[in-house]
Amino acid sequence: MVRETNRYFKFDWITIILFLLLVGFGWLNILSASHVGESLDYFNFSQPYGKQLVFILFTLGLIVLVLSIEAKFYERFSSIIYILSMLSLMGLFLFGKNVNGATSWYAFGGMTLQPSEFAKAATALAVAKYISDLNTDIKRLKDQIRTFIIITVPAVLVLLQNDTGSTVVYAAFFFVLYREGLPKIYLISGVLILVLSVMSLKFGVLITALLAAVVLTVLTLLSNKKLSILKSILLLLLCVGLSFAIKYVYQDILKPHQQDRISLWLRLEQDPEKLEQMKKTFAYNLNESEKAIRSGGVTGKGFLEGTRTTGKFVPEQHTDYIFSTVGEEWGFLGSTLVVIIFVLLILRILHLAELQKSQFSRVYGYSVAAIIFMHFLINIGMVMGLIPTIGIPLPLFSYGGSGLWAFTILIFIFIKLDSNRINEW
């Protein structure tokens, strides 16, 4: 008698527990950041903590829905999901609602939905689908270009909505492509452009060119493959050209508020009066956030006891600056714990991604980890003043239904794919 093979689905509970820890602890900090000292009514839906509780309840249903769909569905229909997501981004130019200068939301009565959050999962599916195609070789130029187009389309659409923070997140896909065999030159070029950007703005084109010449000379002397004089000159001219291009983009393309934020970060402004005015206008959130984090000390002031948090000193504290609440009320120990949980979640997803039998699941898993890492890195760095303020939420932690649901979909699609690993050949 031949017994039919059962389909076993084993969900990774370590990832699920880490997910629930972040969502739960995030809600506690949203509660701290949004209450004003009154007696708490957890079901007060006029307050962010009440609304977030509703979002979390809907999240539980969303998890059940994502896990109930057949794993192969996400691979088969990834292209359709991507196209629908891009159409939702385009629709914002006609029907979108402008909030804080960004046209990134659809309004449904008293509720808003941000499609750019969901576009990250759609793009991850599309990238995984294309790279895992038998006819795709990421080492070939034409396949690289097509992959870059898949990533660039949503990034440009989001940028046109004036949402710079969400646009930067798409750079995370380069780490995924590097894992799948993208030549190192792209990653090296990206790092060099970033370094050139900072140096050109901070020290000027001339000094940057001189430093580039010194670096090229040293590399030539140390390298086994000697660069010809012609190649060295061409590389130097390329660096100078990039420096001029960077200065042009900064001065003539970036908007004034974007220039001011970069200027504050790199300390470019020389006029004391203008610098002070810029600090009051653009660095107020950051200064108050840093004060809140410092005031927490090692162990923090205690849950609901943060004076700067309850006093509303930090604007938007329950969204982009939620980590400052952790720093004040839970201190260095609590902040370290949050960082550890995020790191464990990312490492766990990477570990599971390496165990996948299909390239589609592996690429998607790496995409999930890279997107979470980019959000985490930018938000924490922004709150602590290590990078310019660009406005990006902390995954699963910051207030907002769109962000919570989008990351839930992103993570639990991978959990579903991983659970189907035993059935793949």
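Taking Cα Rg over 2.2 N^0.38 Å straight from the coordinates, which label in (1) 1.07; (2) 0.95; (3) 1.34 is the correct one?
(1)
Starting from the Kirkwood Rh over alpha-carbon pairs, what translational D in µm² s⁻¹ does the range 300-367 have by Stokes-Einstein at 37 °C and 0.692 mPa s? Please report the intermediate quantities before stating the final value.
Details: Rh = 14.0 Å.
Rounded to a whole number, D works out at 234 µm²/s.
With r as the distance between the Cβ atoms of VAL215 and PHE332 and R0 = 60 Å, compute the FRET efficiency 1/(1 + (r/R0)^6) and round to 0.05.
The computed FRET efficiency comes out at 0.95.
Grab the Cα-Cα distance for TYR248 and ILE69, subtract it from 0.36 nm times how many residues apart they are, and report the gain in nm with one decimal.
Between TYR248 and ILE69, full extension yields 59.5 nm more.
Exposed loop GluC sites (Glu not before Pro) only (DSSP loop, at most 14 other Cβ atoms within 10 Å): please give the longest stretch of the chain free of them, not including the sites.
Details: sites that count: GLU4, GLU38, GLU70, GLU305, GLU424.
Longest gap between qualifying sites, sites excluded: 71-304.
How much length is gained on full extension from THR112 to VAL191, taking 0.36 nm per residue of separation minus their Cα-Cα distance?
So the extension gain works out to 24.8 nm.
Taking only complete DSSP H runs, can you tell me which helices of the chain stretch 20 Å or more along their own long axis by Cα positions and average at least 0.0 on the Kyte-Doolittle scale?
Helices passing the filter in the chain: 13-34, 48-68, 78-95, 115-131, 141-160, 184-203, 205-222, 229-248, 322-355, 359-383, 401-419.
Between LEU355 and MET384, what is the spin-label point distance in nm, taking each point 7 Å from the Cα along the Cα→C-beta axis?
Distance between the two pseudo-spin positions: 3.1 nm.
What are the trypsin sites (Lys or Arg not before Pro) within the range 305-362 that DSSP puts in a loop, where the Cβ has at most 15 other Cβ atoms within 10 Å?
Values: sites: ARG308, LYS312, ARG348, LYS357, ARG362; in loops: LYS312, LYS357.
For trypsin sites (Lys or Arg not before Pro) across the range 305-362 that sit outside H, G, I, E and B with at most 15 neighbouring Cβ atoms in 10 Å, the list reads LYS312, LYS357.
Rule-based calculations on the coordinates, nothing more; no lab input. Since the model is a prediction, treat every value here as computed from it, not as a measurement. Reconstructed Cβ throughout: ideal geometry from the backbone, glycine too, with neighbour counts over all protein chains shown.
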